Structure formats: C-alpha cells, structure tokens
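**Q** Let me give you the structure first, and then I'll get to my questions.
Read the figures in this text as sums done on the coordinates, not as results from a lab. From a predicted model like this one, the values you see are computed outputs, not experimental measurements. Note that each Cβ is placed from the backbone with ideal geometry, even for glycine, and that neighbours are counted across all protein chains shown.
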Amino acid sequence: QLTNILRDVKEDCDRGRVYLPQDEMMRFGVNEQTLADGIATDAFKSLIRFQIARARALYARGGQGLCALPTDGSRQTACVMAAVYGGILGAIERLDCDVFASRAHLTTAQKLLRLPAAMKLARMEYADPVPDIF
C-alpha cells in the first residue's frame, strides 16, 4: 500500500486526501500546502526517498513470508505483485521523486522483465535469502 501512496500523492491530494504520515511530513519540512502546490521541493524529495527506503525494507522483510503461501498460484501471484510494485519504487526514483510531474508506472516490457526475479522469489524456501528485486 505504501507504494500506491507514494505513486498517487498528486491524485490523492487533488481529492483532498493525504496518506503520508503527518509526523514525518513535519520532520522533513513538508506540509499539505507543499502537496497542494504540486512542486517536488528538495524537502519533498527527501521525504519520498525516506518512504521508498521504508517500503523496500518492508518488501524485503515480507518477502521471507511469501514462501509460507500455498503453491496453488497464490504464492506466484503475490510474488509477481511484489516484484511489480517494487519496480514502481524504481520508477518513482527515475522521476527524481517528482510524482507531481507524471505518474510512476512500469511498461508491459518492464513488468515482463521482472518476472524471472518474481519466479525466483516464488521458489525460495524459508531459510533462503530474499532476492534483491525491490
């Protein structure tokens, strides 16, 4: 969900919603007016980079638990989604964290290129290290 929040800051703000943690916004010197202005200030970019690092850490930690999912397709689906959403974090970084200028996304080709890593994640055992795909 954090990936969605980061990707959709502009759309959410346009709807009068802010899902970024208020205490962290304050810590980085970002307020709701900053978001409403739609300008990716250095402070805003620092906040987004901090959130991206958090999201990646959560994906990596959660990745270990994916091996507990059944192999009826559930595990594979969750791993593909994790790989794609992890890729969206990279797309946000390629925008220099300016999620106001355009919406971060992956092309179909970029999604397909992430499939081998997602399948490696789906095949891992509990003690295996989580592949670096986030």
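**Q** Using θ = phi - 60° and the Karplus form 6.51 cos²θ - 1.76 cosθ + 1.60, what ³J(HN,Hα) does each residue of the range 43-58 get, whole Hz, x for Gly and Pro?
**A** 5, 4, 4, 5, 4, 5, 4, 4, 5, 4, 4, 4, 4, 5, 5, 5
**Q** For the chain, what is the mean residue ellipticity at 222 nm derived from helices alone (per DSSP H run of n ≥ 4: -39500 (n - 2.57); sum divided by total residues; nearest 500 deg cm²/dmol)?
**A** Values: 7 runs with 86 residues, N = 134.
Taking each H run of at least 4 residues, the total per residue is -20000 deg cm²/dmol.
**Q** Place +1 on the Cβ of every Lys and Arg and -1 on the Cβ of every Asp and Glu in the range 2-72, take the dipole about the Cα centre, and give the residue among Ala55, Val30, Val9 whose Cα lies farthest towards its positive end.
**A** Sorting the options by dipole projection puts first Ala55.
**Q** Using mean Cβ contacts within 10 Å as the protection proxy, how do 91-97, 10-16 order, highest first?
**A** 91-97, 10-16
**Q** Below 8 Å, C-alpha to C-alpha, sequence gap of six or more: please give me the relative contact order for the range 37-101 in percent.
**A** 57 percent
**Q** Go through the range 105-113 residue by residue and turn each phi into a ³J(HN,Hα) via Karplus (6.51, -1.76, 1.60, θ = phi - 60°); whole Hz please, and just put x for glycine and proline.
**A** Computed from phi, the couplings for the range 105-113 are 7, 10, 6, 4, 4, 5, 5, 4, 5 Hz.
**Q** May I have the convex hull volume per residue, in Å³, for the Cα set of the chain?
**A** 112 Å³
**Q** I need the P(r) histogram for the range 83-134: all alpha carbon pairs, bin width 5 Å from 0 out to the longest distance, whole percents.
**A** Per 5 Å bin, starting at zero, the Cα-Cα P(r) for the range 83-134 comes out as 5, 20, 25, 19, 14, 9, 5, 2, 0 percent.
**Q** What is the Cα radius of gyration of the range 27-84 over 2.2 N^0.38 Å, N being its residue count?
**A** Values: Rg = 16.7 Å, N = 58, 2.2 N^0.38 = 10.3 Å.
Here the Cα radius of gyration is 1.62 times the empirical estimate.
**Q** Okay, moving on. Dipole size in debye (nearest 20) for the chain around its Cα centre, Lys and Arg Cβ +1, Asp and Glu Cβ -1? All intermediate terms of the calculation are to be shown ahead of the outcome.
**A** Numbers: 17 positive and 16 negative charges, 80 e Å.
Computed charge dipole of the chain: roughly 380 debye.
**Q** Moving to a separate point now. What relative contact order, as a whole-number percentage, does the chain give when Cα pairs under 8 Å and 6 or more residues apart are counted? Each step should come with its number before you reach the end.
**A** On the way: 140 pairs, mean separation 40.1, N = 134.
Averaging sequence separation for qualifying contacts and normalising by length gives 30 percent for the chain.
**Q** In addition: With a Förster radius of 41 Å, plug the Cβ-Cβ distance of Glu125 and Asn31 into 1/(1 + (r/R0)^6) and report the FRET value to the nearest 0.05.
**A** Calculated transfer efficiency: 0.35.
**Q** Going by a ≥ b ≥ c, the root eigenvalues of the Cα gyration tensor, does the range 1-40 fall in the rounded group (a/c under 1.5), the prolate group (a/b larger than b/c) or the oblate group?
**A** Judged from the Cα gyration tensor, the range 1-40 comes out oblate (a/c at least 1.5, b/c at or above a/b).
**Q** In whole Hz and in residue order, list the ³J(HN,Hα) couplings for the range 78-83 that follow from phi through the Karplus curve 6.51 cos²θ - 1.76 cosθ + 1.60, θ = phi - 60°; x for Gly and Pro.
**A** 3J(HN,Hα) across the range 78-83, in whole Hz: 4, 5, 5, 5, 4, 5.
**Q** Please give every one of the lysines within straight-line cross-link reach of Lys45, meaning a C-alpha to C-alpha distance under 23 Å, and leave out same-chain neighbours fewer than 8 residues apart.
**A** Within reach: Lys10.
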